[in-house]
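A short reminder: the numbers here are calculations on the coordinates, not readings from a lab. If you're wondering where the values come from, they're calculated on a predicted model, not measured in any experiment. Backbone-built Cβ (ideal geometry, glycine too); neighbour counts: all protein chains shown.
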Amino acid sequence: MGGFFGVASKEDCVFDLFFGIDYHSHLGTRRGGMAVYGERGFDRAIHNIENAPFRTKFDKDVQEMKGNIGIGCISDYEPQPLLVRSHHGTYAITTVSKINNMTELSEKLFSEGHSHFLEMSGGDINATELIAALINQKENLIDGIQYALSEVDGSVSILLMNQAGIYAARDKYGRTPVVVGKKETAFCISFENYAYKNLGYTDYKELGPGEIAVITDESCLTLVKPGEDMKICTFLWVYYGYPASSYEGTSVENMRYHCGRKMAQRDNVKPDIVAGVPDSGIPHAIGYANESGIPFSRPFIKYTPTWPRSFMPTMQSQRNLIAKMKLLAVEELIRDKSLLLIDDSIVRGTQLRETTEFLYQSGAKEVHIRPACPPLLYGCKYLNFSRSSSEMDLITRRVIDRLENGNVTDEVLAEYADPESEKYEQMVEEIRKELNFTTLRFNRLDDMLDAVDIDKCKLCTYCWNGKE
């Protein structure tokens, strides 16, 4: 995943930029970067943040950097922001993107005279460098940014900074958010709207799908009007988004309460307690408990002072180990109890199976699992939700493949996506047995979308039903 932040200020912007970027640390733990423009021209710093948090790695840089305009990012993959010198002049650029047609785009650029791309470790092209190359194909920045948005299969949102200000572009279908904040001496641009609140900014506007705007220390001007079609990622509310976040006017925390309530209304088990897998499962569990009247409890606690987020390390075995080691049991709340446990989702199933075994070993009598979203049947094409290279990493697809003897088509998957079908019930039961749950019941897609409470046509549901 990843997130970005930018500031255009009448005063030095580095303090606001530093903390605004840091507030996106939940979106990645691979690299962080800052670039500013001031009297000394451009200045930039990029650090690996896998073994130390953003603030620690950039503490020295923030004391030395000076400028009135700045952009930066938390990136889960490529190093950025990049400094680019082109016929548009010199600019800094950072993106949040997933580009499925990178090979085709790079070959097209080579055929049109682009000379080379720098390879990252592993041989991949830096996605932000590719976006810059697309922008540079056009005579002006606005046409270039529009061209880049139109050419990408997947998604891309962009911050581009030069001495005139910060050009911000939201993905053409608005799959990720871009919001603007304002205070007396500055404007800022951000992925997360809460990132600027404690810095003294108030909400100014949300960019619409495909909208391009430029911010300076005095204004935010729309250069390209937003399009009509939006497909924002629903998983932002279910999992990715920080509890204080709000997208398209819907609070993440409040949506999760609604999700939990919807699940409770359809359930019939009577456990002793309701609990959530820290952190994103907890608000879903609170909503469930409030609706059902079953007590909410915290039978295990996540040790957070030193452990990074479990889904971020590169190796799956490391993610599983960290997820296991950072959960501490409160055995007095587990022993001889029937527990209903809510997690945001089931992807591979490995971590939730280990969590369930952990609860049984701590004396749990029953463990009822309630994922807060429907079964994931497709790998995401639009956001870097997972490092999985194959949809067969999804436990649902492995189970379906086994049940269908390898004859899996989109038509077959549509049956498994239908919560009223026999195939759906069969799939859920096979997952329950494989992961050793007492019972398993997924949230329904219609209930989850109701909990988001915006026009359903504006929500992307591809990972659940294959519909774009």
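Taking Cα atoms, how many degrees apart are the long axis of helix 350-361 and the longest axis of the chain, rounded to 10 and kept between 0 and 90? Roughly 40 degrees between the two axes.
Of the beta bridges DSSP finds with both residues in the chain, what % are antiparallel, to the nearest 5? Before the final figure, lay out each step's value.
Values: 68 of 83 bridges.
Roughly 80 percent of the beta bridges in the chain run antiparallel, per DSSP.
A straight Cα-to-Cα reach below 20 Å connects Lys108 with the aspartates and glutamates Glu119, Asp124, Glu129, Glu139, Asp143, Glu151, Asp153, residues fewer than 8 places away in its own chain not being considered.
Length gained on full extension, Glu39 to Glu332, computed as 0.36 nm times the residue gap minus the Cα-Cα distance: 99.3 nm. A straight Cα-to-Cα reach below 19 Å connects Lys337 with the aspartates and glutamates Asp267, Asp272, Glu354, Glu357, Glu366, residues fewer than 8 places away in its own chain not being considered.
Please compute the length gained on full extension between Glu425 and Asn101, using 0.36 nm multiplied by the number of residues separating them and subtracting their Cα-Cα distance. Mind showing how you got there, number by number?
Working: separation 324, 0.36 × 324 = 116.64 nm, distance 3.62 nm.
Value of the extension gain: 113.0 nm.
The angle separating the long axis of helix 252-266 from the principal Cα axis of greatest extent in the chain is about 20 degrees. Rounded to the nearest 500, the helix-only mean residue ellipticity at 222 nm of the chain stands at -9000 deg cm²/dmol, with each DSSP H run of n ≥ 4 adding -39,500 (n - 2.57).
For the cross-link pairs Lys10/Lys197; Lys197/Lys326; Lys433/Lys458, the ones whose C-alpha atoms lie over 24 Å apart are Lys197/Lys326; Lys433/Lys458. How far is the Cα center of the range 424-468 from the Cα center of the range 161-182, in Å? Cα centroid of the range 424-468 versus Cα centroid of the range 161-182: 32 Å apart. Computed from the C-beta positions of Val269 and Lys197, the FRET efficiency with R₀ = 41 Å rounds to 0.55.
Take every DSSP beta bridge whose two residues both sit in the range 250-465; close to 20 percent of them are antiparallel. Seen against the Cα atoms of the chain and their longest principal axis, helix 54-64 is set at about 20 degrees.
Using only the Cα atoms of the range 250-465, build the gyration tensor, take square roots of its eigenvalues as a ≥ b ≥ c, and label the shape rounded, prolate or oblate: rounded if a/c is under 1.5, else prolate if a/b is larger than b/c, else oblate. Mind dumping the intermediate values first?
Numbers: a/c = 1.40, a/b = 1.25, b/c = 1.12.
The shape class here is rounded.
Counting every other Cβ atom within 10 Å of each residue's Cβ, Lys183, Lys262 order from fewest to most as Lys183, Lys262.
Segment Glu366..Asp401, full-extension length gain: 9.7 nm, with 0.36 nm per residue of separation and the alpha-carbon distance subtracted. With the simple spin-label model, which puts each label point 7 Å out from Cα in the Cβ direction, the Asp446 to Lys205 separation comes to 3.8 nm.
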